[in-house]
Every structure is written in C-alpha cells, then in structure tokens.
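Student: I have a structure here, written as structure tokens, and I will follow up with some questions on it.
The values are calculated or read from the model by the stated rules, or taken from the named source; none is laboratory data. In this text, all values refer to a predicted model and were calculated from it rather than measured experimentally. No Cβ is skipped: glycine too gets one built from the backbone with ideal geometry, and neighbour counts run over all protein chains shown.
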Amino acid sequence: MPHTRARSCAKRDAICENPHLVQYGDNDTMYHYGLNTKQHDLKNMFGKVNVVITAGSQSRIKSFARSLHDKYTTKSQRLQLTQPFDYAADAGRFSLYCIENVLLFSHGMGSGSASIAFHEILKLLDYAGVQRDDFAFIRIGTCGGVGIKPGTLCLSTRSLTETLEEDFKFVECGKLIPMPMKLDNDLRHDLEKIAKRLGIDHISCKTLGTNDFYLGQGRLDGAFCSYGETERFEFLEKLHSLGVRNIEMESHTFSAFCTRANIKGAVMCVALLNRLGKGKENDQITADMETMSGWMDRAMIVLKEFIDSRRV
Ligand code: R2B
Ligand code: URA
C-alpha cells in the first residue's frame, strides 16, 4: 500500500516540510533510486529503519551492506539471498540497501550529487513513516587532513563552506537561502566513545566542505591554478587556525540538510593525507590501496559497533 505525504504531514515529527508534497504523495517518484510511492510499499520496506548510513562511493556502501548482511541475517535468509539487494541498481546512479534496521545509500561526489540523494532519501524515509527523532544519520567518507596524521578518523563538530562561511546556501529559483550547518553532538560523542574504546586514532574537529577537489581545497595540481605555493600554504594555515582539521566535499550539504530536516546527523571521515605541508607532495594521494582500505576498515568497525548499539 502506498504511503502518502498527506499521512506523514499529519504527524508532528515528519522529516520533510514541503507543503507541495501533498500533491505528489500518492505517486511520487524518487527517480535516482528507482522507487515510487505507488509501486513500492515503502513503509513495509523501510519503516523500521533507525540508522541511515551514507557514503560517496557505491563500492564502499556495497561492501558495508554485505558485511551487515553477513552479520545480521540468519543462515536460512542468506541461503535465499546471498547478496544484499540493491534497490537502486536499475536506476543506474546510486546504490541503496536496507539490512534490518539499517538503510545504506551512496550519494556520489560533491554537493550537486549529494543534494539529489538527500532530497530523495529524506522523502523515502518520510513516506516510510520514519519520524525525525527516530533515526541517526551518518556520513562516512574520506578526506584530506589539515595538520593531522594520515589514517586519523575525523569526527566533525561542524562544517564550514569553501569560502569559510558558517551558513550553507540553498539556491532556490535563483535566490540564495542561507541555512546553518548543524550536526548532533550526542551522536558524535557516541562515535567518539567507541573509537576511544577501540584505540582508533580520532579527532573531533571542524570540517571544510568544498565544491571542488582541486581549487576549492587549495591544491596546486588541478588543470588550472591562479595561485602559488605561498597562497596555498597560507590558506591551509588559516584553516588550521580556525580549528579545521579536515577537508572533504559533502559535509556542508549534509549538515545543512540535517538542520533543515531537524534530524540528528554525524560526519566521520578518514584522512588519506596531511595537506598541511609545503608543495605538491602534500596534494596528491599516494598512500597504497591496502593502507587506505585498512584505515577505512577501522572507521567501519566504529560504525558497526554503533549499529550494534542501535539494534532493535
Ligand atoms: C571525499 O573524497 C571524495 C573526493 O575524492 C569526495 O567525495 C569526498 O568528500
Ligand atoms: N577527499 C577530499 O575531498 N580531499 C582529500 O584531500 C582527500 C579525500
């Protein structure tokens, strides 16, 4: 049975506050995930979700979903379904899995891709009847470190934009609508406690969310560059003096969506290099794949422990 917007609007704690959704609820398509309120019983499929995990990379989400599938499903369930089912596979853009109470989806790289993903997934959760206080929303990813050891897990206290602003700008019909970028301190503390107990190197810090990997992050090795080594270094030093210890490309969008939906979000990213040095050797990512996946595996262990604590 489809679950209409009219139903979720009636609830005080609905996630999406868009009055126009009433017109779409009975037949609303989340195009990039290949789901529709008329064709899919979203409440039955996703109604018990209380943890939502997102990452840029499809393969990272897939391997994490597979490990939860192996851990949480029974042997007989696994005989029927050896791999977790990717609901978004036919749509061809992102991946989407649901293992018991955990929804996992990929959001791609950068704000443009991530904001499509967040609109559609928040609607999906709303249609599924999940309420805003009922779930933890966590982005896991990679980043560049600013004055920290490669491999460090960075837990974001807040995000800044690439122009060092504290508000994210939604662009709506050609107008800029500023939105604070709030993350949930309690959720971050929960992740921090787990990392500490497991002896995983971590730091709580501000995060710079940029729209470009190269110029926005002050790299010298993009296709174009109008600044030199000194300006690059001064930029990174300035970030450091502001308390920024890592740079990535979606925390600004993620945290603005969390503020707007009034939901509890956290961002945890593994630093692949330390950008705060002089010269191009601190711009390119040169650690070997095995080392980097070892760092990511440690972050995943923190996340798995967190998920265990939220099992229903
Ligand atoms: C981290 O890594 C990606 C760029 O390589 C981007 O999605 C991000 O935030
Ligand atoms: N991801 C980023 O966005 N920047 C880095 O430096 C590394 C990973």
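Student: Give me the pairs, please: first residue somewhere in the range 231-249 and closer than 21 Å to Asp221 by Cβ, second residue anywhere and away from ligand 1 (no atom under 16 Å from the Cβ) and of a type outside the set (A, V, I, L, M, F, W, C), beta-carbon distance under 6 Å, and either six or more positions apart or on two chains.
Tutor: Listed by first residue and then by second, the contacts come to Phe233/Lys278; His240/Gly147.
Student: Oh, and also: Go through the range 220-275 and report how many residues are aliphatic (A, V, I, L, M) and either away from ligand 1 (no atom under 16 Å from the Cβ) or farther than 19 Å from Cys143 by Cβ (or both). Show your work before the answer.
Tutor: Step one: list which residues in the range 220-275 are aliphatic (A, V, I, L, M), which gives 220, 223, 236, 239, 242, 244, 247, 249, 256, 261, 263, 266-268, 270-273.
With the extra rule that they be either away from ligand 1 (no atom under 16 Å from the Cβ) or farther than 19 Å from Cys143 by Cβ (or both), the set shrinks to 220, 223, 236, 242, 261, 263.
The number of residues fulfilling the criteria is 6.
Student: So, one more: For the range 271-280, what are the residues that are more than 9 Å from ligand 2 (Cβ to nearest atom) and touching a helix residue (DSSP H, G or I) at 6+ places or on another chain (Cβ under 8 Å)?
Tutor: Restricting attention to the range 271-280, the residues satisfying the condition of being more than 9 Å from ligand 2 (Cβ to nearest atom) are 274, 276-280.
Hits for the range 271-280 are Asn274, Leu276, Lys278, Gly279.
Student: Go over the candidates Leu176, Leu122, Leu187 one by one and state the one that is hydrophobic (A, V, I, L, M, F, W, C), farther than 19 Å from Phe64 by Cβ and either within 16 Å of ligand 2 (Cβ to nearest atom) or part of a helix (DSSP H, G or I) (or both).
Tutor: Being hydrophobic (A, V, I, L, M, F, W, C), farther than 19 Å from Phe64 by Cβ and either within 16 Å of ligand 2 (Cβ to nearest atom) or part of a helix (DSSP H, G or I) (or both) holds for just one of Leu176, Leu122, Leu187, which is Leu122.
Student: Then there is this: Evaluate the following for Leu220: is it closer than 17 Å to Val146 by Cα and either surrounded by 21 or more Cβ atoms within 10 Å (Cβ to Cβ) or more than 12 Å from ligand 2 (Cβ to nearest atom) (or both)? Even if it seems obvious, please write down each step before you answer.
Tutor: Details: closer than 17 Å to Val146 by Cα: yes; either surrounded by 21 or more Cβ atoms within 10 Å (Cβ to Cβ) or more than 12 Å from ligand 2 (Cβ to nearest atom) (or both): yes.
Answer is yes for this residue.
Student: Test each condition in (1) of a type outside the set (S, T, N, Q); (2) touching a Leu at 6+ places or on another chain (Cβ under 9 Å); (3) within 16 Å of ligand 2 (Cβ to nearest atom) for Phe105 and report the one that comes out false.
Tutor: Of the numbered conditions (1) of a type outside the set (S, T, N, Q); (2) touching a Leu at 6+ places or on another chain (Cβ under 9 Å); (3) within 16 Å of ligand 2 (Cβ to nearest atom), the odd one out for Phe105 is (3).
Student: Does Ile203 fit the bill of being in contact (Cβ under 8 Å) with a residue 24 or more places away in the chain and more than 15 Å from Asp283 (Cβ to Cβ)?
Tutor: Working: in contact (Cβ under 8 Å) with a residue 24 or more places away in the chain: yes; more than 15 Å from Asp283 (Cβ to Cβ): yes.
Yes.
Student: Right, another one. Any residue that is under 14 Å from the mean Cα position of the chain (by Cα), surrounded by fewer than 20 Cβ atoms within 10 Å (Cβ to Cβ) and at pLDDT 95 or above - is there at least one of those in the range 119-134? Give the derivation first.
Tutor: First, pick out the residues of the range 119-134 that are under 14 Å from the mean Cα position of the chain (by Cα): 119-122.
Next, from what is left, pick out any that are surrounded by fewer than 20 Cβ atoms within 10 Å (Cβ to Cβ): 119.
Now drop any that are not at pLDDT 95 or above, which leaves 119.
Yes, the conditions are met somewhere in the range 119-134.
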